[in-house]
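To keep things clear, I will list the structure first and then write my remarks on it.
The values are calculated or read from the model by the stated rules, or taken from the named source; none is laboratory data. Since the model is a prediction, treat every value here as computed from it, not as a measurement. All Cβ positions, glycine included, derive from the backbone under ideal geometry; neighbour counts span all protein chains shown. Heavy atoms of the whole protein, side chains included, go into the accessibility calculation; ligands, DNA and RNA do not. Shrake-Rupley method; radii C 1.70, N 1.55, O 1.52, S 1.80 Å.
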Amino acid sequence: MVIQMSMPEQEFTIKPTHDIKIFSGRSHTDLAQSIARYLGTSVGPMQIKNFSDGEIYVKIQESIRGDDVFIVQPISDPVNENLMELLLMIDAFKRASAKSVTAVIPYYAYARQDRKASGREAISAKLIADLLTTSGATRVLAMDLHTGQLQGFFNIPVDHIYSAPAIINYIKSKNLDNIVAVSPDAGGVERTRYYAKKLDCPIAIIDKRRKAHNEAKVEHLIGSVEGKTAIIFDDIIDTAGTITEGAKVLLKEGAKEVYICATHAVFSGPALQRLEDSPAKEIIITNTLPLKEGASSKITQLNIAYLLGEAITRIHDDESVSSLFE
């Protein structure tokens, strides 16, 4: 005999089909918290630890079934540790039945190895794209990729955003006069042309010849900087060798003063000392990566959490991300 039980009368709240959830690995928790504050939420609880042999353990500490999950994890130093942590986090969220898993990677490591520059080399940028997809990421949100073509390495959607609005607003606030935008090499001309258009100024190009990894020599300057305020625009400052040499060349060629702007402050090896000793008046970077201890007083770090937060909101709401930069 089947006995039908009537449900007690009570007031039900209709829950949205899915929510937005922000989680963070250990590579840059400050940025993740800043993004969460912009979105009016908090970073979700997770347990991440290393076993005694170095293996990484990841556990999500709340239900995310049916939610849009965004994992904030720049692939910073230690690169391989943070990369593996990101892959394990993505796998955990996939297995926990998240509706979607977006890897928010403000700094995409291995991006500079995007082709075979000589025989028998790995193309690591493509390998990382494959690993992210295989682990279960449904989308990637990245900022200032080393080359825009990296988006083509993925078989999932990639939203490529830029730090330019934050940098341009800061430069304009300084009311600098007689500006010239300087590309640190031929490969950065398109980026520098964009800044020059927004700042309504001419451009110049530093002719740089690379002799080996992390080693290049400034040959000469294309364009005039005499009597001008020269601003170098780059995507990455790694060892800071060539960009500080470039600053010296600009002053030698008659620039009134030199500023250095870059999105990603990798700052490896002797970078911090080189920047401190450089003739640049100010080094303007963003917080896609945590600022290392002992940073020069010349360094100004801009918070780009609002750009990432706005992009996350638009992805969640199925709105245009590219219109942020039009």
Relative contact order, percent, of segment 8-147 when contacts are C-alpha pairs under 8 Å separated by at least 6 residues? 22
Describe numerically, in nm with one decimal, the distance between label points set 7 Å from Cα along Cα→Cβ at C201 and at K49. 5.2
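Nothing charged except the Cβ atoms of Lys and Arg (+1) and of Asp and Glu (-1): what's the magnitude of the dipole of segment 182-326 about its Cα centre? Round to the nearest 20 debye.
For this selection, approximately 540 debye.
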Just subtract the alpha-carbon distance of D30 and K298 from 0.36 nm times their residue separation and send over the number in nm, one decimal. 94.3 nm
Run the dipole for segment 42-198 about the Cα centre, Lys and Arg Cβ at +1, Asp and Glu Cβ at -1, nothing else charged, and hand back the magnitude in debye, nearest 20. 480
The FRET efficiency for T41 and D277, from their Cβ-Cβ distance with R0 = 51 Å and rounded to 0.05, is 0.75
Relative contact order [Cα under 8 Å, 6+ residues apart], the chain, whole percent: 13
How big is the charge dipole of the chain about its Cα centre, in debye rounded to the nearest 20, if each Lys and Arg gets +1 on its Cβ and each Asp and Glu gets -1 on its Cβ? 620
By the C-alpha gyration tensor axes a ≥ b ≥ c (rounded if a/c is under 1.5, else prolate when a/b exceeds b/c, else oblate), the shape of the chain is prolate
Which of I203, I48 is most accessible, then next, and so on - probe 1.4 Å: I203, I48
P(r) of segment 168-326 in 5 Å steps, Cα pairs, percent per bin? 2, 9, 18, 21, 20, 15, 9, 5, 2, 1, 0
